[in-house]
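Following: one structure in structure tokens, then a few remarks.
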Amino acid sequence: MISVEKLKVEFGVKPLFSNASFVINDRDRIALVGKNGAGKSTMLKILCGLQKPTDGIVAVPSGTTIGYLPQVMVLQDDTTVREEARKAFAGNTELKARIEDMNAELSERTDYESPEYMALVEKFTREHERYMMMGAEGYEANIERTLMGLGFTRDDLDRPTSEFSGGWRMRIELAKILLERPDVLLLDEPTNHLDIESIQWLEQFLAQSAKAVVLVSHDRAFINNVTNRTLEISCGKVIDYKVKYDEYVKLRAERREQQLRAYENQQKEIADIKDFIEKFRYKPTKAVQVQSRIKQLEKIVPIEIDEVDNSAMHLKFPPCLRSGDYPVICDGVRKDYGRHTVFSDVTLTIKRGEKVAFVGKNGEGKSTLVKCIMGEIPFTGTLKTGHNVQIGYFAQNQAQLLDERLTVFQTIDNVAKGDIRLRINNILGAFMFGGEASEKKVGVLSGGERSRLAMIKLLLEPVNLLILDEPTNHLDMPSKDVLKEAIKAFDGTAIIVSHDREFLDGLVTKVYEFGEGRVKEHLGGIYDFIISKQQERQGYDTASAGASIDALLIRQQPKGGKPDTAAQAEEMSDSRQSYIERKEQQRKIRKAEKAVEEAEAKIEALEKRLKELDAKLLKPENASDMALVNEYTDTKNALDDEVERWEQLSEELEQLQS
């Protein structure tokens, strides 16, 4: 459908990418990946014709339609939601008007035998068939179905778009693009403003109804569920992997190993040539060979290695005070804005050390309850924060509180304490502030860059209650992995407002669902919650674990309810098995964590007893008390054994987590 040949884009001395060639075919589902700044958004703009390349060809067949959703766009506020969505059918409206004009002309003319009349009949028939094939008669139903799939209610459809936030208006623009049914969909971070249910609906729509799709996303679960091919922009080149994202990650690791070996071999070859040149440079009898080696050296094309993956970097929160057993207790909490009740009768208890998720559609009160916990807004009911609670809060507006006069490095250096100061550059690199970017002034950073910097700042502050409101929106996948690992290792309590399923999976053990003015508690992880929601909608037997897994995977089935090919059946079976394996892995991790905690408690008790015995033996009257000496020796041996056991258990836990 679209052919790209020898594409090159230059913004400075070094090309963003060059010699890029690939083809987008019908039914391709392509994930465009690469580090921030590699040129992913630029590639989408070139494919849709909004930007011209420095060199190369983008061939789009005549009649091919392209729909493009950028990350940021100018939005209109002069219509209702339904009327704005109808603009997707502007071409249909014009076609309908032409058909009506032709029909009126046919009814008025009487020259039935003339060539002109027959030509008009033929044109009318062709245009009418085209109109019907476009499904134009049912476009109102399509509008409702699409908007409601993206989270709008039926009552929302006749409200002015000006009443909605920027995120909801972006959903309207996405709905318009989907309703146009273009031949090629180009989507730049389409899930940024969607909740979990809307993301799942979009996944199903793209799988069943879209033609070709090219998308940029940092939502790993989304691109794994949608795509079947991965285009990577790295080191100024575009590499085509005909596999899903997870498989691409494995292949990319193998490819980088090959690059490293080739690079090392090339460096050895270069060193050998240079040694020969230096050794025989001034010997006339070797002049020809030296000149030959010099030319050979000039012809060598340096092998580039992909940027180092920082996702393996470990980052821990600094030590903090131990909070009370129950950092947050809500009893009958209610919040109203005028006549509108955001939520009522919210009763929940969050225990020390728990990691919980707040999920639900936008506008249902997740951020509002967070502000109530923070004491930023008034409410009715009882809300208590526990003893010694120190809150670390991340929201989008946190980025506005940074000192614009400081550099990125200075901002982090001011909060870093102890040994962590030696690793500031590594931490900045993990969050995409490597190299010269660390010397940028905060005042020149984009909104996304400021959000990332505010996140790093929070990670280095001693807190015991962490509240993160959409923390992953401006992070790439390696950065999200670093953040997730840090939160998992965090000793305190965490409340995470997020729609990123992959980020929440294995991180939270309880989900609070916000909707229809209520907050409902769901025990278990994020996929346990998704399963329960699927069961509610599909009417599955909640007692059946197998049905639960199938409910989660229902989007992979065709409308008939069963896989229609052996490949689909196998794929569903693999997904089911993968889910079971993940749950078993989580069970093993929880068991290992418990064993480590028990060992730590035992070590603490033995160390305490050892100090007591040591104090007693220091007294002259107890120096010859053999009972105390024997107990001291036994306790010391038991402590050594327990420390060795703890090290082994910790190593096993680390292997399970990695």
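The values are calculated or read from the model by the stated rules, or taken from the named source; none is laboratory data. On a predicted model such as this, the values are computed, not experimentally measured, just so you know. So basically every Cβ, Gly included, is an ideal-geometry build from the backbone, and we count neighbours across all protein chains shown. Protein only, heavy atoms only, side chains kept; ligands, DNA and RNA dropped before computing areas. Shrake-Rupley method; radii C 1.70, N 1.55, O 1.52, S 1.80 Å.
In the range 200-220, which residues are small (G, A, S) and closer than 20 Å to V33 by Cα? The answer is A207, A212, S217. When the residues of the range 412-437 are filtered to those that are open to solvent by 10 Å² or more (accessible area, probe 1.4 Å) and modelled with pLDDT of 85 or more, which remaining residue is farthest from V389 (Cα to Cα)? Within the range 412-437, the match that is farthest from V389 (Cα to Cα) is D413.
Going by the structure shown, is K583 at pLDDT below 80, of a type in the set (K, R) and surrounded by 12 or more Cβ atoms within 10 Å (Cβ to Cβ)? Considered against the rule, which asks whether it is at pLDDT below 80, of a type in the set (K, R) and surrounded by 12 or more Cβ atoms within 10 Å (Cβ to Cβ), K583 comes out as yes. Taken over the range 499-541, the criterion of being more than 24 Å from the chain's Cα centre (by Cα) and either basic (K, R) or buried (at least 21 other Cβ atoms within 10 Å of the Cβ) (or both) is satisfied by R518, V519, K520, R537.
Being open to solvent by 10 Å² or more (accessible area, probe 1.4 Å), out of contact with any His (no Cβ under 7 Å at 6 or more places or on another chain), among the basic types (K, R) and outside any loop (DSSP other than H, G, I, E, B) is true of K8.
Per-residue answers, yes or no, for (1) polar (S, T, N, Q); (2) open to solvent by 30 Å² or more (accessible area, probe 1.4 Å); (3) touching a strand residue (DSSP E or B) at 6+ places or on another chain (Cβ under 6 Å):
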| residue | (1), (2), (3) |
| --- | --- |
| L202 | no, no, no |
| V214 | no, no, yes |
| A221 | no, no, no |
| N228 | yes, yes, yes |
| I233 | no, no, yes |
| K237 | no, yes, no |
| Y241 | no, no, yes |
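Do the conditions hold for E122, that is, is it at pLDDT 85 or above and more than 22 Å from R98 (Cα to Cα)? So E122 does not fit the description; no. Considering the range 29-52 alone, what residues qualify as being on the phi < 0 side of the Ramachandran plot, outside any helix (DSSP H, G or I) and open to solvent by 40 Å² or more (accessible area, probe 1.4 Å)? Passing the criteria: K35, N36, L50, Q51, K52. Scanning the range 57-79 for residues that are more than 29 Å from the chain's Cα centre (by Cα), at pLDDT 90 or above and open to solvent by less than 50 Å² (accessible area, probe 1.4 Å) yields a total of 2. With respect to the conditions (1) part of a helix (DSSP H, G or I); (2) at pLDDT below 85; (3) among the aromatic types (F, W, Y), Y112 lacks only one, and its number is (1).
The residue that is farthest from R171 (Cα to Cα), among those in the range 348-381 that are of a type outside the set (D, E, K, R), assigned to a loop (DSSP other than H, G, I, E, B) and open to solvent by less than 40 Å² (accessible area, probe 1.4 Å), is G353. Residues in the range 165-188 that are outside any helix (DSSP H, G or I), surrounded by fewer than 20 Cβ atoms within 10 Å (Cβ to Cβ) and either small (G, A, S) or under 19 Å from the mean Cα position of the chain (by Cα) (or both): 1 in all. Out of curiosity, is D26 open to solvent by 20 Å² or more (accessible area, probe 1.4 Å), closer than 26 Å to N225 by Cβ and either not in a strand (DSSP E or B) or not hydrophobic (A, V, I, L, M, F, W, C) (or both)? The answer is yes for D26.
Does A141 meet the test of being open to solvent by less than 30 Å² (accessible area, probe 1.4 Å) and part of a helix (DSSP H, G or I)? Taking the combined requirement at face value, the residue does not satisfy it. Counting only residues that are surrounded by 23 or more Cβ atoms within 10 Å (Cβ to Cβ) and in contact (Cβ under 8 Å) with a residue 60 or more places away in the chain, the range 456-467 holds 5 of them.
Would you confirm whether any residue within the range 35-55 is over 30 Å from D156 (Cβ atoms), touching a Phe, Trp or Tyr at 6+ places or on another chain (Cβ under 7 Å) and in contact (Cβ under 8 Å) with a residue 24 or more places away in the chain? For the range 35-55, residues over 30 Å from D156 (Cβ atoms), touching a Phe, Trp or Tyr at 6+ places or on another chain (Cβ under 7 Å) and in contact (Cβ under 8 Å) with a residue 24 or more places away in the chain: present. Within the range 188-199, residues that are within 14 Å of I223 (Cα to Cα) and small (G, A, S) reach no partner that is open to solvent by less than 10 Å² (accessible area, probe 1.4 Å) and assigned to a helix (DSSP H, G or I) with beta carbons closer than 8 Å at six or more positions or on different chains.
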